[in-house]
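Single-structure report; data block below.
Coordinate-derived values only; no laboratory data. Model, not experiment: these values are computed from the prediction. For neighbour counting, all protein chains shown are included, and Cβ atoms are generated from backbone atoms with ideal geometry for every residue, glycine included.
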Amino acid sequence: MCGRINVIDDPLCQLVSDVLGINFATESNPDLCPSQKVATIIQPGHFQQLNADWGLNTHWQSSLLINARAEQVASKPTFKDAFVHSRCLVPCSGWYEWKSITTDNKAQKQKYLYSHSDNEPFYMAGILFNPESPQLVTLTTQARDHCNDYHHRMPVLIPKEEISAWFDTPSHQLDELMHNGTTTTIKITKVA
């Protein structure tokens, strides 16, 4: 789920800067992959940008851990402390999912871009690890509405009106914000 992020710097940087009152800056990367640098937002008293590597190295699995289920993030030992103390947001232009399709009796994977119907940024919920060399894990939830037709999970999207609540609310009171989903209309586009 959500193994690629779409980041287009114009207008993303200006829109995020306007909403947060900071100078948010990132380079375009229309197919940002795990292990690459991701511009995140943190709030240690005020909003700041922090660039982190997407994915957590763990001793129990060979691949990077890139996502955590919102339903388990408060209780799983791996995530619990970061969820309490190191929440972040990932401003992005969209994300990608793949759907299995059959064409001419051949199974294939079709790539789809999920973007905001009003061309606004998404603010994906995440948690950070290793402050000296930050590593990002994004949070996922049950897919809603038409997104479920393509994949059963989707990123936890924090509405821009709830950004402060994401950082200021005690972790044990965030269930509603993480699971009710955003009222944002998501546009899904087939990628050639």
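Annotation: of all residues in segment 172-191 being loosely packed, with under 15 Cβ neighbours inside 10 Å and in a helix (DSSP H, G or I), the one that is nearest to the chain's Cα centre (by Cα) is His179. Do we have any residue at all in segment 113-125 that's under 25 Å from Ile186 (Cβ atoms), within 16 Å of the chain's Cα centre (by Cα), in contact (Cβ under 8 Å) with a residue 60 or more places away in the chain and surrounded by fewer than 14 Cβ atoms within 10 Å (Cβ to Cβ)? No - not one qualifying residue is present in segment 113-125.
Let's see how each residue does on (1) part of a loop (DSSP other than H, G, I, E, B); (2) among the basic types (Lys, Arg); (3) closer than 18 Å to Lys80 by Cα:
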{"position": "Gly126", "(1), (2), (3)": "no, no, yes"}
{"position": "Glu132", "(1), (2), (3)": "yes, no, no"}
{"position": "Thr138", "(1), (2), (3)": "no, no, yes"}
{"position": "Cys147", "(1), (2), (3)": "no, no, no"}
{"position": "Met154", "(1), (2), (3)": "no, no, no"}
{"position": "Ala165", "(1), (2), (3)": "no, no, no"}
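Summed over segment 5-33, the residues that are crowded, with 20+ Cβ neighbours inside 10 Å and not polar (S, T, N, Q) give a count of 8.
Residues that are over 21 Å from Glu120 (Cβ atoms) and surrounded by 12 or more Cβ atoms within 10 Å (Cβ to Cβ) were ranked within segment 153-171; the one that is nearest to the chain's Cα centre (by Cα) is Arg153. Of the strands (runs of 3 or more DSSP E) that lie entirely inside segment 1-120, those containing 3 or more residues that are in contact with a strand residue (DSSP E or B) (Cβ under 6 Å, 6 or more places away or on another chain) and over 18 Å from Met154 (Cα atoms) span 37-42, 48-54. Would you mention how many residues in segment 37-79 are over 15 Å from Leu139 (Cα atoms) and hydroxyl-bearing (Ser, Thr, Tyr)? Of the residues in segment 37-79, 3 are over 15 Å from Leu139 (Cα atoms) and hydroxyl-bearing (Ser, Thr, Tyr).
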